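K.L.:
This is the structure, below, for whatever I ask next.
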Amino acid sequence: MGTSPGNEPVVVAARTDPGRLCTVTVERGPRGDQVLRYDGSESVVARLSPEVVELLPIALSVTGRTVVSARCPRGGACTLLLIGQPDRIRLYFHAASMFCAVLDRAAVDRLRAAVESLSVR
């Protein structure tokens with residue numbers, strides 16, 4: 001993870017609730033902003049505004065349910081719902097089960113580091 005997500009995408013492997021592989025990526029969006037992308041059977045993107053960058057690492061560090069209000073790159077709401085358990089985090093885009101990434105602790109740590117690096121730039 002020597003590259004900054006500002007330059008190169010940071011891809012984190014995850015699984016869907018049924019156990020299929022999916023990815024969560026921190027990358028530069030089409031307008032030059034940073035986005036959080038889910039790619040599974042379908043894809044969805046949330047814009048990483050400064051407010052989301054501030055709240056998301058906290059949500060990735062706690063157990064229980066945390067809601068982070070985000071936006072899609074072209075407007076419209078994208079509610080990120082995080083359900084933290086001792087050994088994993090479930091990250092739902094649009095708070096919908098069809099866009100769920102189940103991240104083990106190693107994946108959570110990698111995603112948190114990628115998002116936190118955005119706040120120090």
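The values are calculated or read from the model by the stated rules, or taken from the named source; none is laboratory data. From a predicted model like this one, the values you see are computed outputs, not experimental measurements. Heads up: the accessible areas ignore ligands, DNA and RNA and are worked out on the full protein's heavy atoms, side chains in. Shrake-Rupley method; radii C 1.70, N 1.55, O 1.52, S 1.80 Å.
K.L.:
Which of rounded, prolate or oblate describes the chain when judged by the alpha-carbon gyration tensor and an a/c cut-off of 1.5?
P.N.:
rounded
K.L.:
Seen from all sides and averaged, what is the projected area of the convex hull of the Cα atoms in region 28-94, in nm²?
P.N.:
Mean projected area for region 28-94: 4.6 nm², to one decimal.
K.L.:
If you don't mind, another one. Express the accessible area of the chain per residue in Å², computed with a 1.4 Å probe while the remaining protein chains stay in the model.
P.N.:
Heavy-atom SASA per residue in the chain reads 52 Å².
K.L.:
Counting only protein heavy atoms and a 1.4 Å probe, tell me what percentage of the chain's accessible area is made up of carbon and sulfur.
P.N.:
The C+S portion of the solvent-accessible surface of the chain is 50 percent.
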